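Structure record follows, encoded as structure tokens.
Only the coordinates and a few stated rules stand behind these numbers; no lab work does. Remember, predicted model here, so these are calculated numbers, not experimental data. So basically every Cβ, Gly included, is an ideal-geometry build from the backbone, and we count neighbours across all protein chains shown.
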Amino acid sequence: MKRVVMKFGGSSVETIEKMQLIAKRIVLKRSEGYEVCVVVSAMGKTTNSLIQLAKQASTSPNKRELDSLLATGEQVSISLLSMILQEMNQKAIGLTGFQAGIKTSGLHTNNRIEDIDVSLIEKYLNDSHVVVVAGFQGLNAAGDITTLGRGGSDTTAIALAAKLECACEIYTDVLGIYGVDPRLYPQAKKLYSISYEEMKEMAFLGAKVMEPRSIDIAHRYRVPLLVAHAHEDQTGTLIQEEDPMEHRPITGCSVSEKIVLVNIQHLPASLTLIAHLFVTLANEGVNIDMISQTQGSDGFVTLAFTASADDLDNLEAVLGFLTHDEPDAIIHIDKHVVKVSVVGSGMRTQSGVAAQLFQLFADHGIVYKLITTSEISISYTMSKDHQHQAVQLIAKAFDL
């Protein structure tokens with residue numbers, strides 16, 4: 001019998017009525033001859049509400065206890081959806097992350113999946129049950145309940161599909177994946193297929209539909225992925241191996257809004273000093289992205305880099321120490337920037353994309369501050385004031 005993992009996000013299960021609708025979709029999939037494993041998120045904004053409760057209880061909630069608290073959201077979902085399926089005369093059972101054999105490691109509130117013992121899931125699938133698994137959670141070696149951080153339910157679903165050797169269907173509140181976020185460009189076109197590599201790059205560069213680490217698992221284990229709307233019967237987007245046929249140079253445009261740009265002038269040109277700065281930032285959990293270094297003729301360098309706005313407190317603390325040690329260094333943090341990126345595997349074989357972008361920006365007076373490239377992407381840091389115009393121009397120029 002064929003198998004599939006179906007994942008439903010928080011907006012898809014936020015009410016009993018919506019759960020009843022997805023239960024009908026699940027029963028239909030069973031009628032098509034599939035064994036079905038379902039992964040669900042917490043209902044609606046439940047996780048946010050639980051975090052607020054924790055903050056009322058403690059100014060600095062213990063992360064072990066926070067994990068135990070947050071994991072209850074998905075447990076509510078699996079119980080209710082299993083009851084609804086049973087009411088529809090479909091055998092079903094809900095399993096928490098640890099009951100489903102999900103073994104994790106790492107820091108509390110941001111664990112990673114080490115392995116999954118799917119023997120219990122297999123047992124119930126073989127007995128014609130729909131197995132409803134709590135996403136976003138697992139159990140570590142110490143026996144503690146853990147959560148998987150941002151995108152954790154997607155990661156759970158794709159990892160289960162990899163272990164069960166089947167496809168994964170991600171159901172959400174969008175019709176699929178678009179070349180540009182429709183909120184930024186309402187005329188954006190839906191993609192009917194995209195490669196793992198392009199999707200991972202777009203997610204890393206700001207696209208919010210999928211998390212990079214979940215796509216990484218799908219790519220590594222060749223899990224076919226479908227992203228579709230939970231409540232509308234329309235064709236979604238298939239994420240799979242790259243199509244060997246010729247394709248256009250640009251597949252999509254992503255925008256990362258939560259970044260800051262650091263510019264450090266009059267910094268001594270010391271390899272040791274610069275290495276120490278980045279090691280200290282790494283030790284403080286500050287993730288550095290774009291980097292530019294300009295060598296002066298006076299023994300000093302100008303260093304610029306971007307970081308996540310979420311890391312701003314730690315970033316400012318490290319730069320404070322740098323100012324103390326190097327009082328002549330001039331540091332400026334620009335919080336009014338975004339990163340606009342174009343992505344497309346066709347750039348490997350088709351020239352002229354960078355030239356077209358530079359000309360596009362020059363013609364319309366769009367000033368950029370930092371540029372980075374990979375084999376399949378080009379990213380520009382620019383003022384937030386230029387974000388809307390830049391996205392519009394790129395989308396029209398490349399028919400996104």
| task | Using amide H atoms built 1.01 Å from N in the peptide plane, name the residues 5+ places from A269, or on other chains, whose amide H lies under 5 Å from its own. | result | F300, V301
| remark: Between (i) 17.2; (ii) 19.1; (iii) 22.3, the structure-derived mean projected area of the Cα convex hull in nm² is (iii)
| remark: Computed, not fitted: 222 nm per-residue ellipticity of the chain from DSSP H runs ≥ 4 (each -39500 (n - 2.57)), nearest 500, equal to -11000 deg cm²/dmol
| query | Where the only charges are on Cβ atoms (+1 Lys, Arg; -1 Asp, Glu), what is the dipole of the range 253-397 about its Cα centre, to the nearest 20 debye? | reply | 680
| message | Can you pull out the GluC sites (Glu not before Pro) in the range 1-88 whose DSSP state is coil and whose Cβ has at most 13 other Cβ atoms within 10 Å? | response | E32
| field | Size of charge dipole - the range 2-173 - debye, nearest 20, with Cβ of Lys, Arg +1 and Asp, Glu -1, no other charges | value | 180
| field | Derived scalar couplings ³J(HN,Hα) [the range 346-362; Karplus, 6.51 cos²θ - 1.76 cosθ + 1.60; whole Hz; x for Gly, Pro] | value | x, 5, 4, 10, 10, 8, x, 5, 4, 4, 5, 5, 4, 5, 4, 5, 5
| Cut-off under 5 Å, modelled amide H: who pairs with Y178 long-range | L191
| message | I need the trypsin sites (Lys or Arg not before Pro) found in the range 151-250, filtered to DSSP loop residues with at most 11 other beta carbons within 10 Å of theirs. | response | R183, R222
| remark: Given Cβ charges of +1 for Lys and Arg and -1 for Asp and Glu, the option among N126, T155, Y185 whose Cα lies farthest towards the positive end of the dipole of the range 126-198 is Y185
| task | Let me know the volume per residue of the alpha-carbon convex hull for the range 50-192, in Å³. | result | 157
| message | With +1 assigned to the C-beta of every Lys and Arg and -1 to the C-beta of every Asp and Glu, and no other charges, what is the dipole magnitude of the chain about the Cα centre in debye, to the nearest 20? | response | 980
| Among 232-238, 321-327, how do they line up from the highest to the lowest mean number of other beta-carbon atoms within 10 Å? | 232-238, 321-327
| Karplus couplings for the range 198-210 from phi (6.51 cos²θ - 1.76 cosθ + 1.60, θ = phi - 60°), rounded to Hz, Gly and Pro as x? | 5, 5, 5, 5, 4, 5, 4, 8, x, 4, 9, 5, 10
| query | Among rounded, prolate and oblate, which fits the range 1-61 when a ≥ b ≥ c are the square roots of the eigenvalues of its C-alpha gyration tensor, a/c under 1.5 means rounded, and a/b larger than b/c means prolate? | reply | prolate
| field | Alpha carbon convex hull of the range 75-123, volume per residue in cubic angstrom | value | 69
| said: Based on alpha-carbon atoms only, what is the radius of gyration of the range 253-397 relative to the globular estimate 2.2 N^0.38 Å? | reply: 1.14
| task | Enumerate the amide H contacts of A207 below 5 Å, restricted to partners 5 or more residues apart or on another chain; note that Pro and chain-start residues carry no placed amide H. | result | V255
| field | Cβ crowding within 10 Å averaged over residues, with 36-43, 118-125, 336-343, 386-393 ranked highest first | value | 36-43, 336-343, 386-393, 118-125
| field | Table column - 3J(HN,Hα) (Hz), the range 61-77, Karplus curve with 6.51, -1.76, 1.60, x for Gly and Pro | value | x, 4, 5, 5, 5, 4, 4, 4, 5, 4, 5, 5, x, 5, 5, 4, 4
